[in-house]
Amino acid sequence: MTENGHPIAAAYDQRAAEYMTVGGRLSQMDPRDVAVIRSWRDSTEGTLLDAGCGPGHWSAFLAEDGRDVRGVDLSREFVASARRSHPGIPFETGSFHDLSVPDAALGGILAWYSLIHTPPAQVPVVLREFARALRPGGSLLVGFFDGEPGEPFAHAVTTAYFWSAEALGILLVDAGFEVVASERRERAPGEMSARPHGSLIARRS
């Protein structure tokens, strides 16, 4: 699953230490995000995948109460840190284009701000891979920056793209999902980003 020389991986590898200082611990996350992810986690069954796990803080949160969780990220630096911090959880360096799990192996996938750097034309491919890996009835939770769909902006690490619930919802339906919940909010003082937040929960058909 390793993608040697991937530009997104290289960008995050270079700034991994800085990123982990400002956003690598659960205590630094907004309580509203924690509540959304907790509710989603507790509504799922089976193995969970933290897709774009970063330094592994959300993976560890998902794994509370003995849940079977694995994490995957393009950044070697993030994966190495996640393995050190959370040795009981398997973490791999890899791509969303090939999750390297059998068909219908997962009960849930968390993609929390991890599709933001995927070029818009490639997002449908990734969503189809997520659908392949999820069992029928399995759940996907996506976090994103809410804005004009597909519009690029200068993220602190590397180019990222806005999405909207409506635009992502169309792609999810095309990939074999049913959208079951969405949220949008403005940012509160002290959050890592000032850009509006959005999230979607979709069920594998």
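List of remarks:
- Within the stretch 163-204, the set of residues being among the basic types (Lys, Arg), assigned to a strand (DSSP E or B) and touching a Phe, Trp or Tyr at 6+ places or on another chain (Cβ under 7 Å) comprises 203, 204.
- Residue in the stretch 68-81 that is farthest from residue 126 (Cα to Cα), counting only those that are touching a strand residue (DSSP E or B) at 6+ places or on another chain (Cβ under 6 Å) and modelled with pLDDT of 95 or more: 69
- Given (1) of a type in the set (Val, Ile, Thr); (2) in contact (Cβ under 8 Å) with a residue 24 or more places away in the chain; (3) buried (at least 23 other Cβ atoms within 10 Å of the Cβ), index of the condition residue 47 fails: (3)
- Whichever residue in the stretch 133-142 is among the aliphatic types (A, V, I, L, M) and more than 24 Å from residue 195 (Cβ to Cβ) and, among such residues, is surrounded by the most Cβ atoms within 10 Å (Cβ to Cβ): 134
- Just one residue in the set 153, 130, 145, 162 is exposed (fewer than 14 other Cβ atoms within 10 Å of the Cβ) and of a type in the set (Phe, Trp, Tyr); that residue is 153.
- Top-ranked residue of the stretch 54-77 - restricted to ones that are hydrophobic (A, V, I, L, M, F, W, C) and under 15 Å from residue 26 (Cβ atoms), ranked as surrounded by the fewest Cβ atoms within 10 Å (Cβ to Cβ): 61
- Test result for residue 119, out of contact with any Phe, Trp or Tyr (no Cβ under 6 Å at 6 or more places or on another chain), farther than 18 Å from residue 138 by Cβ and surrounded by fewer than 19 Cβ atoms within 10 Å (Cβ to Cβ): yes
The values are calculated or read from the model by the stated rules, or taken from the named source; none is laboratory data. The model shown is predicted, which means the values in this text are computed figures rather than measured ones. Don't worry about glycine lacking a Cβ; one is built from the backbone with ideal geometry, like all the others, and counts go over all protein chains shown.
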